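Since the structure comes first, as C-alpha cells, the remarks are kept for the end.
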Amino acid sequence: MITVECLLRFIGEARKPRILMFGEKLDKQSVDTKRITFVTGGSGFTGSRIIQSSNSNIRALVHNHEVAGSNITKVYGSLFDGKSNFRKWLHGVNYVIHAARPSSGKALGRYFIANRTRKAVKSMISVIEESSVSSTIVLHGSLSYGDRGEEIVETDSKLNPKGYSKAYSIAEKPWIEYLEHGGDVKIVRSPWILGPGSWFNMLYAGDTIPIIDGGRQWMSLVSINSLSDFVWSLFDQKPGIFHPSLTYRCRQADFARLVAEARGMDTTSVSKSELIKKYGRMVTESLLCSIRVDDSRGVESETDLSMQNIRSYLHSLSLDSKI
C-alpha cells in the first residue's frame, strides 16, 4: 500500500535537481526544444557555454560582443534599456537565463554599475511577472558567502559578501527578494568555474604556479561544462538557491600543485602583500576567501576519485594549449 507519507517523499525526491557527475552530459531530450529561452550575458565566459550546450531555441541579448551558437535569434540592446525593451525581448519567451554581470575596471565604477544593474533587474522582474515566462535561472557566485574558513557552506548559509561580490551582491538582491515573495527563480551560486579563460588564465597561466598566502584556503571548483549542463537541468525544479555538483574541492595549495603537475612547472609562494601589489586589494580579498561549498554529496568532491577527475581535466586543458 502506498501511504501519503511515501507519496510525498517520492515527490520531494523527484523535485531535487539530478546531480551531474564529472563528464556526464545532460540528456537534451529533457529540454523542450520548441520553447524559447531568453539568455543574457551570452558572449561571456559562462553564458556562451550555456548557449553552446543546448539545442533549444535561444533568444540572446547582444550588447557589445556577438553571441555564437545554433538555433539563436539575436536581439540587440543593453540591460539598462528599460521596461519597454524587456517587454519586446520577453514576448513569447518561456524561460530566462540571466548570466550577465555588468562590471567596471575600477572599484567606484563597479558600485555605480551594480546599482544601475539592480534597477535594471527590478525592471526585468516586473516584466517577467506580467509575461509568459514560467521559470528563471540567475547565475551569481559563491563569493557572496564571504570567507568561511573550515565551514561547509550550505545554500541557506548567511551572506557576507567579500571582494568582487560586494558589488555583485547589490544586483543579486532583487532576485533574492523575488524568490522570497514567491517568484519562480532558481539562483545558482557558482564556485570557481574551471575552464580556459577568465580567472584561471590570469592566475595559473604564468611562468610559475602561485601558492597564495600559504594556500590553506578552500577552493570549490566546477568545470564550465558541468556548470552549463547543471543550469539546463534546473528548469523543472522548485524555486530556490542552488549549488552545482562540484568537480573538486580542496585547499588552494593542493590545486596549485595539480596545475603545476599538469603544466610541468614549479609552484611558488606568493604573500598577501605581493598579491595586493600585483592585483590590488579587491582581487586579493577575493582570492583569500575560504569557501567550502556544499553540493549535497558530503565529502565526495574531496575524494581521490574527484582528484583524478580534476587532474584529467587539467591535463586536457594543458594538452589543448589552453593553459
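The values are calculated or read from the model by the stated rules, or taken from the named source; none is laboratory data. Keep in mind that this is a model prediction, so the values were computed, not measured. All Cβ positions, even for glycine, are placed from backbone atoms using ideal geometry, and neighbour counts span all protein chains on display.
Considered as a group, the residues in the stretch 210-243 that are of a type in the set (S, T, N, Q) and in a loop (DSSP other than H, G, I, E, B) include one that is nearest to ASP184 (Cα to Cα), and that residue is GLN237. Listed by first and then second residue, the pairs with beta-carbon distance under 7 Å, at least 6 apart or on different chains, first residue in the stretch 63-83 and surrounded by 14 or more Cβ atoms within 10 Å (Cβ to Cβ) and modelled with pLDDT of 85 or more, second basic (Lys, Arg) and not in a strand (DSSP E or B), are PHE80/ARG116. If the condition is being within 15 Å of the chain's Cα centre (by Cα), assigned to a helix (DSSP H, G or I) and closer than 27 Å to LYS119 by Cα, then the stretch 176-207 contributes only SER198.
At pLDDT below 95, over 24 Å from ASP295 (Cα atoms) and over 20 Å from the mean Cα position of the chain (by Cα): does that describe SER132? The answer is yes for SER132. Taking each residue of the stretch 171-183 that is touching a residue at least 60 places away in the same chain (Cβ under 8 Å) and looking for partners that are surrounded by fewer than 18 Cβ atoms within 10 Å (Cβ to Cβ) and part of a helix (DSSP H, G or I) with beta-carbon atoms closer than 6 Å, six or more apart or interchain, yields ALA171/ARG118.
Here SER123, SER132 are screened, and the one residue that is more than 23 Å from THR46 (Cβ to Cβ) and either out of contact with any Ser or Thr (no Cβ under 8 Å at 6 or more places or on another chain) or buried (at least 21 other Cβ atoms within 10 Å of the Cβ) (or both) is SER132.
Restricted to the stretch 186-239, and to residues there that are of a type in the set (Ser, Thr, Tyr) and surrounded by fewer than 19 Cβ atoms within 10 Å (Cβ to Cβ), the residue that is nearest to THR155 (Cα to Cα) is SER198. Put simply, of SER165, SER126 the only residue that is small (Gly, Ala, Ser) and modelled with pLDDT under 95 is SER165.
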